[in-house]
There are 2 protein chains.
Amino acid sequence: MTATRIKEVALKQFANNGYEGASLADIATEVGIKKQSIYTHFKGKDELFLDLFNAVLAKELNFVFEYLDRHKQLSIDQLLYGFLIQYKDGYEHDDNTKFFLRVAFFPPSHLYEEIVKQGYNYLDTLETMLIPVFDQAIAAGNIHSDVSSEMATVSFLAVLDGMFVELLFGGAEKSLKRIEASWFVYWRGIKS
Amino acid sequence: MTATRIKEVALKQFANNGYEGASLADIATEVGIKKQSIYTHFKGKDELFLDLFNAVLAKELNFVFEYLDRHKQLSIDQLLYGFLIQYKDGYEHDDNTKFFLRVAFFPPSHLYEEIVKQGYNYLDTLETMLIPVFDQAIAAGNIHSDVSSEMATVSFLAVLDGMFVELLFGGAEKSLKRIEASWFVYWRGIKS
DNA sequence: TCCATCCTTCCGAACGTTCGTCAGGAACAT
DNA sequence: ATGTTCCTGACGAACGTTCGGAAGGATGGA
């Protein structure tokens with residue numbers, strides 16, 4: 001199916017070059033067709049892009065959900081640190097994650113509002129999923145009593161964003177140093 | 001001087017709309033001239049933009065230098081926390097800071113390399129300035145012995161980036177919650 | 001089996017818009 | 001007279017997009 005091929009190629013090109021950096025002509029060339037043919041399968045560039053964006057967002061949220069579910073038996077520090085590392089690896093090897101970060105941080109201006117809204121929806125959902133995890137850790141006595149689950153969550157999301165930034169600008173390798181430092185200080189900051 | 005007016009308006013428009021969001025036509029309109037007249041004062045859009053970028057970068061570094069110098073008598077936690085707050089306020093009220101963040105995070109693709117290079121130059125300089133501050137705090141026994149000055153610096157820069165992200169997407173008001181949480185956990189993570 | 005028809009997919013050509021950019025000339029001050 | 005500043009007008013490149021038609025396979029009736 002050509003539509004599927006177009007989606008694959010577009011995902012990759014959007015992930016690596018951003019919305020405006022990926023022209024329909026370039027996408028079509030890599031698929032092996034002319035740019036006009038894309039209009040047989042999609043109404044236009046925006047529809048193609050938003051189709052991908054929604055699919056990617058769903059996959060990202062699903063990844064988080066699955067990760068937390070599959071590793072719920074881990075200690076909280078292993079769970080959270082592993083989460084950071086998983087995301088770093090995803091950025092290296094998974095076009096979904098790369099697309100997600102690239103688009104969330106470099107959104108096309110005419111879709112800015114929609115994308116930022118979805119981005120915060122992602123963060124809110126993540127927060128909703130993390131708070132019970134911290135509540136559980138607090139109940140188990142693993143978190144210092146000065147630290148509320150909300151504060152732990154919010155600052156963890158900040159650590160996550162700090163990692164995202166370094167991933168985007170410095171790449172996966174360079175980001176490892178920051179992850180290690182951030183995580184060390186963060187964990188020392190919330191552990192009991 | 002028209003050139004100065006152009007720079008002022010361009011700084012503001014680049015800060016609020018980014019490189020591609022600010023057209024020469026819009027800039028000229030706000031100045032009260034036609035877009036072609038800009039070419040009397042600048043070779044083109046890129047020259048205007050890079051002129052501003054370099055000036056802004058110098059001002060930002062100067063701000064950091066001055067801040068650290070003027071408040072060197074403060075305790076390290078007050079110094080660093082105040083630094084975050086200062087930056088937040090700067091983003092709200094200072095077009096320089098807004099331009100800096102906007103451009104650093106949403107760089108025009110054909111100048112990407114140059115901008116990211118300068119961005120890392122900024123971070124490196126910041127790191128160079130902060131390490132002695134932490135060294136001093138360590139010598140004074142204010143930082144936990146498990147935490148090296150480098151680790152404290154790197155993770156502080158991550159906190160800073162986390163704040164930048166929230167500033168850019170959520171605005172100054174929303175970012176305060178994140179700043180508080182991040183700082184609380186960060187300081188608890190490095191203090192002795 | 002054959003042929004007419006229809007639908008899908010793709011492409012050549014062209015259009016419309018947005019931008020940055022350039023050439024040439026008018027107004028004005030020095 | 002000279003230089004500066006700004007304007008009118010136009011150009012060219014890059015995109016996304018639309019239109020009309022060709023190629024090919026599938027369908028259904030004779």
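Against the condition in contact with a Pro (Cβ under 7 Å, 6 or more places away or on another chain) and of a type in the set (A, V, I, L, M), how does A:Ile115 come out, does it pass? Against the criterion (in contact with a Pro (Cβ under 7 Å, 6 or more places away or on another chain) and of a type in the set (A, V, I, L, M)), A:Ile115 qualifies. Residue count for region A:16-28 under the criterion of being under 13 Å from A:Lys45 (Cβ atoms) and part of a helix (DSSP H, G or I): the result is 9. Can we say A:Asn96 is in contact with an Asp or Glu (Cβ under 8 Å, 6 or more places away or on another chain), assigned to a helix (DSSP H, G or I), farther than 26 Å from A:Lys191 by Cβ and not hydroxyl-bearing (Ser, Thr, Tyr)? In short, yes.
This table checks each residue for (1) within 14 Å of chain A (Cβ to nearest Cβ); (2) surrounded by fewer than 16 Cβ atoms within 10 Å (Cβ to Cβ); (3) near DNA strand D (Cβ under 8 Å from one of its atoms).
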position	(1), (2), (3)
B:Met1	no, yes, yes
B:Lys12	no, no, no
B:Glu20	yes, yes, no
B:Ser23	yes, yes, no
B:Ala28	no, no, yes
B:Gln36	no, yes, yes
B:Asp46	no, yes, no
B:Asn54	no, yes, no
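All told, B:Asp89 falls short of being within 14 Å of the chain's Cα centre (by Cα), farther than 30 Å from B:Ala137 by Cβ, more than 14 Å from chain A (Cβ to nearest Cβ) and more than 15 Å from DNA strand C (Cβ to nearest atom).
Taken together, B:Leu84, B:Leu79, B:Leu68 contain a single residue that is within 20 Å of B:Val165 (Cβ to Cβ), part of a helix (DSSP H, G or I) and more than 14 Å from DNA strand C (Cβ to nearest atom), which is B:Leu84.
Every listed requirement among (1) part of a helix (DSSP H, G or I); (2) more than 13 Å from DNA strand C (Cβ to nearest atom) is met by B:Gln13 save one, (2). Taking region A:111-128 as the range and being touching a residue at least 60 places away in the same chain (Cβ under 8 Å) and within 12 Å of chain B (Cβ to nearest Cβ) as the test, the residues that pass are A:Ile115, A:Gln118, A:Tyr122. Residue-level check: of (1) assigned to a helix (DSSP H, G or I); (2) over 16 Å from the mean Cα position of the chain (by Cα), A:Gln73 misses just (1). Scanning region B:141-173 for residues that are more than 8 Å from chain A (Cβ to nearest Cβ), more than 30 Å from A:Leu123 (Cα to Cα) and in contact (Cβ under 8 Å) with a residue 24 or more places away in the chain turns up B:Gly141, B:Asn142, B:Ile143, B:Ser145.
The set of residues from region A:174-191 being out of contact with any strand residue (DSSP E or B) (no Cβ under 9 Å at 6 or more places or on another chain), more than 7 Å from every other protein chain (Cβ to nearest Cβ) and at pLDDT 95 or above comprises A:Ser175, A:Leu176, A:Ile179, A:Glu180, A:Trp183, A:Trp187. When B:Gly171 is tested against (1) on the phi > 0 side of the Ramachandran plot; (2) at pLDDT 95 or above; (3) part of a helix (DSSP H, G or I), only condition (2) is not met.
The values are calculated or read from the model by the stated rules, or taken from the named source; none is laboratory data. Fair warning: this is a prediction, and the values are worked out from it, not measured in the lab. Here Cβ is always computed from backbone atoms with ideal geometry, including for glycine, and neighbour counts include all displayed protein chains.
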